[in-house]
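Read the structure below first, then the notes.
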Amino acid sequence: MTSPVDTSVKLFRSTMPGAPALRGQVGSLISLLDACLVNGWGSQTASSVIITGGVATATFPADHAAAVESVVLVAGATPAGLNGEQKVTAVAPNVIRWATAEADGTATGTITVKMAAAGWTKVYTGTNLAVYKSADPQAHGQFLRVNDTGTTAARVVGYENMTAVSTGTGLFPTSAQLSGGFYWGKSHTAGSADVAWAIAADSRAFYFNAAAYVTTGGPTANGGAAYFFGDLVPHSRSGDAYATMLTGAPGSVWESYGGQYILSSDVATRAIPRKVDGTGTAIQPEVSPYTAYNLSFLPNTVNGRVPFTPIMVRDSQSQTGIRADIPGGRLSLHFGAETVLSEHQIFYDTDGRARVNMLAPNNMTSASGFNSLAVDVTGPWR
């Protein structure tokens, strides 16, 4: 049965009980992406599921991984309408709740609940190599290759087409633009120390944030980095099969670039397979907020909230036409937003939607000099 609320956006955070670990180790990022994008994780068998007043309450023998605004996959329940993806509305020790249209009563069966995967496939693999692709039939169909043979960072590159884990055509970025692809930082140092992380995804795009050390900004600028891969929301009425973007650090010293690999003024942090007319090879697009005004006060003195704006993509700075929007992403209108938003905090924006802070500011105490990125987790993005 379809959930009464949208479940298209999946939220995962390292603070969830039993969450996969991200570390400065070979293969760590692939394990994390497998769990969140492809397989799901944290399966438990419920001790009971009781429906009261349109709310299903599941109790477990141990604390469940789910958090408010995350999505779980339920299986094995009678009535069958409890099964499928469900968005979590409340949690308590060993308990999670979600909205349902089923009548009051106690469910029967061996009922399993796990974190629902985002709907991607892992199409090719190698030793600490992986290629991911959206399983959504409406997706543009590009591939993401992850080379996770390094300890502190992985290398990522997009392909238009692939036939094996290291064979394909239509690179973005091209080898001339950045040989080997972008860097996705995992940890400032190699080793087994856990790094805080967050992933927000739908079936066609995802954001990944690792709260690893960066050298740009405030006195304790452990803000980490936000990365993106997937389909944009095109503005073309006739469609735009190449409106897929990959972002990342353009150099091996990835910490020095700060956290804004998606929103940086440096176009070398982004790549799209082709121009809007479908010609040529990979381009490095211009990304900017719809509203460029930087507010001088924080939070909003009227409603107490931190205002954010949508983000547009153009083929280049000289291309005045807006090609696409970045799905789900919002940019703060104040440089100091990270001083009031905690690491991977969920908050509610002026439009009432839940968003997760993707700057991961840790213990910053002054403005870093770049705006915070927040991602909608209410959904849908499209």
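The values are calculated or read from the model by the stated rules, or taken from the named source; none is laboratory data. Note that the structure is a prediction, hence the values are computed from the model and not measured. Backbone-built Cβ (ideal geometry, glycine too); neighbour counts: all protein chains shown.
Observations
- Cβ pairs under 7 Å, 6+ apart, first in segment 87-99 and farther than 18 Å from PHE12 by Cα, second surrounded by 15 or more Cβ atoms within 10 Å (Cβ to Cβ) and basic (Lys, Arg): none
- In the set (1) in contact with a Lys or Arg (Cβ under 7 Å, 6 or more places away or on another chain); (2) over 17 Å from VAL375 (Cβ atoms); (3) crowded, with 17+ Cβ neighbours inside 10 Å, THR7 fails one condition alone, (2).
- Enumeration of residues in segment 35-78 that are buried (at least 16 other Cβ atoms within 10 Å of the Cβ), in a loop (DSSP other than H, G, I, E, B) and on the phi < 0 side of the Ramachandran plot: ALA46, PHE60, ASP63, HIS64, ALA65, ALA66, ALA67, SER70, ALA77
- Residue check for THR108: closer than 18 Å to VAL9 by Cβ and surrounded by fewer than 16 Cβ atoms within 10 Å (Cβ to Cβ): no
- Subset of segment 21-34 (residues that are assigned to a helix (DSSP H, G or I) and touching a residue at least 40 places away in the same chain (Cβ under 8 Å)): SER28, LEU29, ILE30, LEU32, LEU33, ASP34
- When we screen GLN142, GLN138 for residues that are out of contact with any Phe, Trp or Tyr (no Cβ under 8 Å at 6 or more places or on another chain) and either of a type outside the set (A, V, I, L, M, F, W, C) or more than 30 Å from THR59 (Cβ to Cβ) (or both), the only hit is GLN138.
- Residues of segment 172-188 that turn out to be crowded, with 20+ Cβ neighbours inside 10 Å and in contact with a strand residue (DSSP E or B) (Cβ under 6 Å, 6 or more places away or on another chain), as a count: 9
- Within segment 344-371, the residues that satisfy the criterion of being at pLDDT 75 or above and within 22 Å of MET16 (Cα to Cα) are HIS344, GLN345, ILE346, PHE347, TYR348, ARG353, ALA354, ARG355, VAL356, ASN357, MET358.
- One residue stands out among those in segment 171-205 that are under 13 Å from the mean Cα position of the chain (by Cα) and assigned to a loop (DSSP other than H, G, I, E, B): the one that is farthest from VAL9 (Cα to Cα), which is ARG204.
- Verdict on ALA21 being in contact with a strand residue (DSSP E or B) (Cβ under 7 Å, 6 or more places away or on another chain) and not hydroxyl-bearing (Ser, Thr, Tyr): no
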